[in-house]
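Single-structure report; data block below.
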Amino acid sequence: MADIRTVGIVGAGQMGNGIAHVFALAGYDVLLTDINQASLDKALAIIQHNLERQVTRGKVAAQDKTATMTRIKTTLKLADIGSADLIIEAATEREAVKQAIFENLLPHLKPSTILTSNTSSISITRLASRTDRPEKFMGLHFMNPVPVMQLVELIRGIATDTETWDTLHKVVKKLGKTVASSEDFPAFIVNRILMPMINEAVYALYESVGNVKSIDDSLKLGANHPMGPLELADFIGLDTCLAIMNVLHDGMADTKYRPCPLLKKYVEAGRLGRKTQRGFYDYRGEVPVPTR
């Protein structure tokens with residue numbers, strides 16, 4: 001198996017900073033890149049804050065927090081991460097963006113570098129086919145929030161070789177997380193099941209079966225879910241939910257995956273959930289307020 005020591009991460013957003021956090025905490029040297037310095041600075045601040053919370057709760061020793069932060073470096077130059085042993089793309093959930101990242105990386109890679117995508121729904125085989133190493137390409141899908149959630153989906157493309165699979169399986173175990181092995185079908189396992197549930201909750205709201213509160217309370221109290229489906233959609237981001245539903249609808253050619261028109265309307269209005277302060281709930285006050 002390949003020996004992974006250095007990790008390059010593309011994208012310093014919610015997923016990227018969480019992935020950087022867990023890799024650095026596990027002892028890997030991390031180089032995090034993004035297209036603007038403000039995103040990188042914000043990512044470091046979030047990682048620092050989340051580590052401090054872990055120290056307060058007794059989950060991380062104070063000296064480990066300091067060591068973790070020293071292992072994370074940042075850069076605005078995508079080419080700088082080309083020498084990493086493992087690269088994780090964690091950019092926005094748009095296939096064209098992801099393809100462009102990998103194409104721009106290719107001239108700068110070591111022959112042994114393993115490429116992965118944190119995509120939550122896009123074909124790994126198709127992404128891999130646009131690179132020079134489809135045998136060293138896999139889906140490495142973390143759950144949000146990365147430092148808290150224990151599952152990682154490993155998705156093998158049609159060309160992925162056994163050595164790459166074994167190497168990433170070992171890496172995930174070193175992170176202290178659990179592997180779910182998924183075949184390369186639209187949305188893999190978690191989102192194949194989760195997103196249609198969220199979409200159906202939006203349909204229930206759209207058709208006035210219940211209001212936001214009654215729908216979320218029904219699933220929290222009636223099915224023992226920690227969050228209601230509409231609350232969860234706001235947490236994930238309504239644009240991300242819609243993108244995944246579109247991948248499912250296009251990839252499966254089945255009307256049961258048709259995105260709810262109300263979900264589309266919220267995205268068109270820029271009401272994407274927590275990250276824009278408004279979605280199915282309004283987060284601009286001290287307590288989230290249902291919008292319907």
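Helix 37-56 versus the longest principal axis of the chain: what is the Cα-based angle in degrees, 0 to 90, to the nearest 10?
80
By count of other Cβ within 10 Å, fewest leading, how are D34, D29 ordered?
Details: D34 24, D29 16.
Ordered by Cβ neighbours within 10 Å, fewest first: D29, D34.
Once both axes come from the Cα atoms, what is the angle between helix 14-25 and the longest principal axis of the chain, in degrees from 0 to 90, rounded to 10?
For 14-25 against the chain, the angle is about 40 degrees.
If you count the DSSP beta bridges with both ends in the chain, what percent of them are antiparallel, to the nearest 5? Display every interim value, and only then the final one.
Working: 9 of 34 bridges.
Expressed as a percentage, antiparallel bridges in the chain total about 25.
Tell me, in nm to one decimal, what length is gained between N104 and D64 on full extension, where the rule is 0.36 nm per residue of separation less the Cα-Cα distance?
So the chain would gain 10.9 nm between N104 and D64.
Quick one, which of (i) 1, 5, 9, 11, 11, 9, 8, 7, 6, 5, 5, 5, 5, 5, 4, 3, 2, 1, 0; (ii) 1, 5, 12, 15, 17, 16, 14, 10, 6, 3, 1, 0; (iii) 1, 6, 13, 18, 20, 18, 14, 7, 2, 1, 1, 0, 0 is the actual P(r) over Cα pairs in 5 Å bins from 0, in percent calculated for this model?
(ii)
Going by average Cβ neighbours within 10 Å, how do the peptides 42-48, 234-240 rank, with the highest at the top?
Ranking the peptides 42-48, 234-240 by packing returns 234-240, 42-48.
Helix 162-174 versus the longest principal axis of the chain: what is the Cα-based angle in degrees, 0 to 90, to the nearest 10?
70
Using the Cα atoms as the points, what is the convex hull volume per residue of the range 1-131 in Å³?
Values: hull volume 14.3 nm³, N = 131.
In the range 1-131, the Cα hull volume divided by residue count equals 109 Å³.
Can you put I158, I72 in order of Cβ neighbours within 10 angstrom, beginning with the fewest? It would help to have the intermediate numbers written out before the result.
Working: I158 13, I72 24.
Least crowded to most crowded, the residues run I158, I72.
What are the semi-axes of the equivalent ellipsoid for the range 192-284, taken as the square roots of 5 times the Cα gyration tensor eigenvalues, largest first, in whole Å?
Working: eigenvalues 74, 53, 27 Å².
Calculated on Cα positions only, the semi-axes equal 19, 16, 12 Å.
Which pairs, out of K136/K264; K136/K173; K73/K170, put more than 28 Å between their alpha-carbon atoms? Display every interim value, and only then the final one.
Working: K136/K264 36 Å; K136/K173 19 Å; K73/K170 24 Å.
Over 28 Å Cα-Cα: K136/K264.
Find the centroid of the Cα atoms in the range 221-257 and in the range 172-207, then give the distance between the two in whole Å.
One Cα centre to the other: 8 Å.
Rounded to whole Hz and in sequence order, give me ³J(HN,Hα) for the range 279-289 from the Karplus expression 6.51 cos²θ - 1.76 cosθ + 1.60, θ = phi - 60°, writing x for Gly and Pro.
Taking θ as phi minus 60°, the curve returns x, 6, 10, 9, 9, 7, x, 5, 10, x, 10 Hz for the range 279-289.
Counting only other residues whose beta carbon sits under 14 Å from that of T68, what net charge do I get with K and R as +1, D and E as -1? The partial results should precede the final answer.
Details: positive: R53, K59, K65, R71, K73; negative: D29, E52, D64.
Overall, the nearby charge balance is +2.
Given a cut-off of under 8 Å on Cα pairs at least six residues apart, what relative contact order in percent is computed for the chain?
Working: 522 pairs, mean separation 39.4, N = 292.
About 13 percent, as a whole number.
For a footprinting-style exposure proxy, rank V190, V287 by other Cβ within 10 Å, fewest first.
Values: V190 17, V287 7.
The order, fewest Cβ neighbours first, is V287, V190.
Kirkwood hydrodynamic radius, the range 83-149, all distinct C-alpha pairs: what's the number in Å?
It works out to 12.2 Å.
If eta is 0.692 mPa s and T is 37 °C, what Stokes-Einstein diffusion coefficient results for the range 1-44, Kirkwood Rh from Cα pairs, in µm²/s? Walk me through the numbers before you get to the answer.
Working: Rh = 10.7 Å.
The calculation lands on 308 µm²/s.
Let me check I've understood the local charge: for I189, count other residues with C-beta under 12 angstrom from its C-beta, Lys and Arg +1, Asp and Glu -1. What total comes out? Provide the component values of the computation, followed by the final result.
Details: positive: R192; negative: E153, E183, D184.
It works out to a net charge of -2.
FYI, it's all coordinate maths here, none of it is from the lab. Being a predicted model, the structure only gives us computed values, none of them experimental. In this analysis, Cβ positions are derived from the backbone assuming ideal geometry, glycine residues included, and neighbour counts consider all displayed protein chains.
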